[in-house]
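Below is one structure, written out as structure tokens; the observations come after it.
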Amino acid sequence: MDWETGAGRMRPAFEDDAVFALLAEEERRQRDTLQMVAAASTAPWQVLWCNGSVLTNVTGEGYPGRRYHSGCGVFDRLEELACRRARDVFGASFANVQPHSGTNANLAALRALLPRGGKVLSMSLKAGGHLSHGARASVTSTLYGVHHYGVTRDGLIDLEEVRTLALGLRPDVVICGGSAYPRELDFAAFRKIADEAGAALLADVSHIAGLVAAGLHPSPVPYAHLVTTSTYKQLAGPRGGLVLGGTNVPDPGELERRVGAAVFPGVQGTPAPHSIAAKAWAFGHVATPDFHAMCRRIVTAARAVAEVFADHGYALVGSGTDTHMVLADLRGTGTTGWVAEKALESCGVLVNRNVVPEDTLPAAVAGGLRIGTNTLAARGGDAEHARRAAELIVGVLGSVESHGPTSYTLPPAARALARRRVAEICGELRDVPAGPGPLSPTTTNVQEVMQP
Ligand SMILES: *Cc1c(COP(=O)(O)O)cnc(C)c1O
């Protein structure tokens, strides 16, 4: 079979038509849509295969050499390999690869830094922070006394404001990094503020971990006490999380022990060995020229999207981008984020609505649109593909007729044109890699084989 595309996969010996038909349908959906959700990426087939491997069958509470179950010899070596690679690609003092998600990585990092509770200063959800940084809906808000900093009208972090807040509040931990911040983060300045306030610094690079590893965004590792990230976004790994130790900390060994205990048994039980195998492969991939080239395309593609939006008169949060992400401010265009997202989805373009600074609309409607270039670049797309994608997005936004915050019509001709453009671009991109088989002789005839 073709490992990249999965063509030639065998029909399964057992049949569950309902599940396998849905898997096949999902594969086609991913190949035929233009995925531009900033929090998403596309995993190489090796990640999918590791993740679908027999490591799923290994139960091994604890850490390498210190498991509470037998039969973990191979898994021990894999986890050590994953940790070594993560340390190497980020230059970190240690790595914990067990968190099942980015949220769990943050829960564990906070628990390691604040075993008996304390005060946290983080960017608010509205300004682009993350739920797990102490938002009211998250358990983190009940465990710590949380205060937030925001962004300016222009969508930029005001470091003077952060410093003033930190010196007034004297938090135990300052968190930087978020989910909707398109500009570069100044980790050195954050560390200086944390030091002045007597706080530890936690940097969450979930969205930009690939650019950090590729040297296209400054690294927090020399400045933060702990660095967290999810592994399925820009790292193009499996769903999961990672905690890294900073290099400028008083006692990295002690911090590593505290992170270890905070992950297990603090917030999790058994690790996910299949996912750790996939992380090990993904961290190896991060060190390759291929990955670095992809990251360069991510950045140039995002700049191209920003240029097209600016050329068409759209305001951009942060006035542009240094990363994979463009946050367009739709206020004043008569179209909400909700309408834009739904209209584009109906054309096969996936983006998401997002609040913008001083947004008066609720998050479920939102005045902004967040667009990312990870998947486009992972499928081999470059700035030219991104420019065409942005033109088609702007075209749809220009054709949509809004009847209210969550009500619209899109003229059929505009939708048909957009769909044609999507098909053209997807046709030039690499296929989304296939997951482990056996599924069916080919992707396209799964339907025939599967459906009664
Ligand atoms: C996505 C994200 C997370 C959470 O990751 P999950 O794996 O979804 O729990 C944490 N922090 C930031 C900044 C993120 O963008």
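Look at PRO252 and say whether it is within 16 Å of the ligand (Cβ to nearest atom) and either hydrophobic (A, V, I, L, M, F, W, C) or in contact with a Phe, Trp or Tyr (Cβ under 8 Å, 6 or more places away or on another chain) (or both).
Numbers: within 16 Å of the ligand (Cβ to nearest atom): no; either hydrophobic (A, V, I, L, M, F, W, C) or in contact with a Phe, Trp or Tyr (Cβ under 8 Å, 6 or more places away or on another chain) (or both): yes.
No: the conditions fail for PRO252.
Do we have any residue at all in the range 180-202 that's within 13 Å of the chain's Cα centre (by Cα) and of a type in the set (Asp, Glu)?
Among the residues of the range 180-202, not one is within 13 Å of the chain's Cα centre (by Cα) and of a type in the set (Asp, Glu), which makes the answer no.
Only one residue in VAL227, VAL212, VAL205 is surrounded by 24 or more Cβ atoms within 10 Å (Cβ to Cβ), among the aliphatic types (A, V, I, L, M), in contact with a Gly (Cβ under 7 Å, 6 or more places away or on another chain) and closer than 19 Å to VAL326 by Cα, so which one is that? Before you say what the answer is, go through the steps one by one.
Numbers: VAL227 fails: closer than 19 Å to VAL326 by Cα; VAL212 fails: in contact with a Gly (Cβ under 7 Å, 6 or more places away or on another chain).
Criteria check complete, one pass: VAL205.
Within the range 289-344, work out how many residues are under 20 Å from the mean Cα position of the chain (by Cα) and free of Cβ contacts under 8 Å to residues at least 12 places away in the same chain.
2
Would you point out the residue of the range 93-151, among those that are under 19 Å from the mean Cα position of the chain (by Cα), of a type outside the set (A, V, I, L, M) and assigned to a strand (DSSP E or B), that is nearest to the ligand (Cβ to nearest atom)?
Here is the first cut: in the range 93-151, the residues under 19 Å from the mean Cα position of the chain (by Cα) are 95-109, 122-135, 138.
With of a type outside the set (A, V, I, L, M) added as a condition, the list becomes 96, 98-104, 106, 122, 124, 126, 128-130, 132-134, 138.
Subset that is assigned to a strand (DSSP E or B): 96, 122.
Values: ASN96: 15, SER122: 10 Å.
The selected residue is SER122.
All of the numbers you see were taken from the coordinates with simple rules; none came from a lab. Predicted model only: the values in this text are computed from it and were never measured. Positions of Cβ are backbone-derived with ideal geometry, glycine not excepted, and every protein chain shown enters the neighbour counts.
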